[in-house]
Amino acid sequence: MPGLIPAFASVATEPMGLQLLPTDLLFLGALALAAVYGHSAAREPLARARWSRVLHSPGGGIACLVLSVYLAVAVLDSVRVERAEQAPLTVLDLVLTPLRTGMETTYSAPFATHAHARENLEHAPGLWVRDYPRLKFGGRHLALPEETARDLVRRIALGTALGFGVFVVLTLVINQLRGRSLRGAITQWWEPAWRWHWSALGVLCLGITIVGCLADGWHVLGTDKVGQDVLYLSLKSVRTGLVLAVLASLITLPIALVLGVLAGYRGGWVDDVIQYLYTTLSSIPGVLLIAAAALSLDLFLSREAGALHSLALRADLRLLALCAVLGLTGWTSLCRLLRAETMKLSTIEFVASARALGSPSAALLRRHLLPNLMPLVIITTVLDFSSLVLAEAVLTYIDIGVDPSTESWGNLINGARLELAREPVIWWSLASALGGMFGLVLAANVFADTVRDAFDPRLGPDAKGVQGRA
């Protein structure tokens, strides 16, 4: 980590301009909408109480913390800067400059000082032998490879000290913003309700600083076939997974909400048409629709190749098209749930009374139906988030996903599938992709379970109290 800061500072002093691709604009716009919703939810007592229940629970708080780290990486990778006579780079690229520029010639294992395959090396004039060559960047600061263990211990100790310092500073800042003293912060840390939150924050601080110190002179997760650092590729893949899941959800949500509520509230021929629409769409395998869209997009991009300014724009348009296809084909399940819930709510006494008193349909939807449907929408959207993250890896694995030049977990898995048969086995690319997806999907699932418990009236504390009295 000490070497990352000077490298970033030297690059940051160059004259730069801002550049945003279409998915960057949409992703940042989605985050702005989430911030607006958070502001409005903080002003409503019921919504504030529900989200407070989510954040104060151990599982929900830790999941939010992990998701925040993933989100921060995706945001840094969504802001691109243009440099004079050089290719645009994201802020994450600038922060990880040593990892980005530390290219080797081919595979190397994690924390290795030599390459993974033998090459012809000239040990003396006219004397050629096959041996493992020394890496150009991994462990280059060591005079002898035998010093690896000592250097790793030293860097872990330095990362631990830095992580503890960062944790203390963050603790003081957070509690200062909350109006607590240092003694109050220490007392709160030992409280059972907050112990898991502070422990998770400390583990994250230690993990980030230790990995940063190790990555300054080593390939922590090894390198791929062309010598790129796998840790760098894994961090770059976070944006692809989050952008695809967020944008596809934004496309799915309004379609399912409008059609589901319309079918359940109006009924009659409107309900029949909407049912026919989502039943027909559900009967078609989604892989076929995505494959057809991918082939059509490739044909369009090949015809309009002259109009595209860069390969990055071409890859971004393919990612955007994949988001659109997943969104347009994934609204059927939520629409079916909203239709059934709307039909049930329309027969409840307070809705029937409001209709009998002459309330217009717009007022009924705004004041009675939509507020009661929002918990179902939030729960289903968060649950579908995980499936969309996994869908990118599966689709890219069968070559109908994102562009091969786009860093993604699916491309990492696709590139590592044939290398598992080598001897010795090259396992680190597959393991890093699976680890990144596992962390994101696990945090999203835990967060979804906590949101369900907080927003479902049948699982809330009031419902439990009524059941206990009964």
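How high is the relative contact order of the chain? Use alpha-carbon pairs under 8 Å, at least six apart in sequence, and give a whole percent.
Worked out over the chain, it gives 20 percent.
Quick one: divide the alpha-carbon radius of gyration of the stretch 230-464 by 2.2 N^0.38 Å and tell me what you get.
The value comes to 1.23.
Taking the 0 to 90 degree range and rounding to the nearest ten, how far is the long axis of helix 332-346 tilted relative to the main principal axis of the chain, both from C-alpha atoms?
Its long axis makes an angle of about 30 degrees.
Could you tell me the distance between the Cα centroids of the stretch 34-63 and the stretch 85-148, to the nearest Å?
Each part reduced to its Cα centre gives a spacing of 47 Å.
Which whole-Hz ³J(HN,Hα) couplings does the stretch 43-51 yield from phi under the Karplus relation 6.51 cos²θ - 1.76 cosθ + 1.60, θ = phi - 60°, glycine and proline marked x?
Using θ = phi - 60°, the values come out as 8, 9, x, 5, 5, 5, 5, 5, 5 Hz.
Specify which residue in the list 226, 242, 287 is farthest towards the positive end of the charge dipole of the stretch 207-314, using unit charges on the beta carbon of Lys, Arg (+1) and Asp, Glu (-1), about the Cα centre.
226
If you take the charge dipole of the chain about its Cα centre, with +1 on Lys and Arg Cβ and -1 on Asp and Glu Cβ, which of 23, 92, 46 is farthest toward its positive end?
Among 23, 92, 46, the one farthest towards the positive end of the dipole of the chain is 46.
Using θ = phi - 60° and the Karplus form 6.51 cos²θ - 1.76 cosθ + 1.60, what ³J(HN,Hα) does each residue of the stretch 154-164 get, whole Hz, x for Gly and Pro?
Per residue, the Karplus-derived 3J(HN,Hα) values read 5, 5, 5, 5, 5, x, 5, 5, 5, x, 5 Hz.
What is the magnitude of the charge dipole of the chain about its Cα centre, with +1 placed on the Cβ of each Lys and Arg, -1 on the Cβ of each Asp and Glu, and no other charges, expressed in debye to the nearest 20?
Its charge dipole is roughly 1560 debye.
Along Cα→Cβ, 7 Å out, is where each label goes; now give me the distance between the ones at residue 130 and residue 172 in nm to one decimal.
6.0 nm
Over the stretch 230-464, what is the mean sequence separation of C-alpha contacts under 8 Å (at least six apart), divided by residue count, expressed as relative contact order in percent?
29 percent
On average over all directions, what projected area in square nanometres does the chain have, based on the convex hull of its Cα atoms?
30.8 nm²
Which whole-Hz ³J(HN,Hα) couplings does the stretch 62-67 yield from phi under the Karplus relation 6.51 cos²θ - 1.76 cosθ + 1.60, θ = phi - 60°, glycine and proline marked x?
Each residue's phi maps through the Karplus curve to give 5, 4, 4, 5, 5, 5 Hz.
Using a simple charge model, +1 on the beta-carbon of Lys and Arg, -1 on the beta-carbon of Asp and Glu, nothing else, what dipole does the stretch 230-464 show about its Cα centre, in debye to the nearest 20?
Around 500 debye, computed over the stretch 230-464.
No value in this document is a laboratory result; all are computed from the given coordinates. The structure presented is a predicted model; accordingly, all values stated were derived computationally and were not measured. Heads up, the Cβs are rebuilt from the backbone with ideal geometry, glycines too, and the neighbour counts pull from every protein chain shown.
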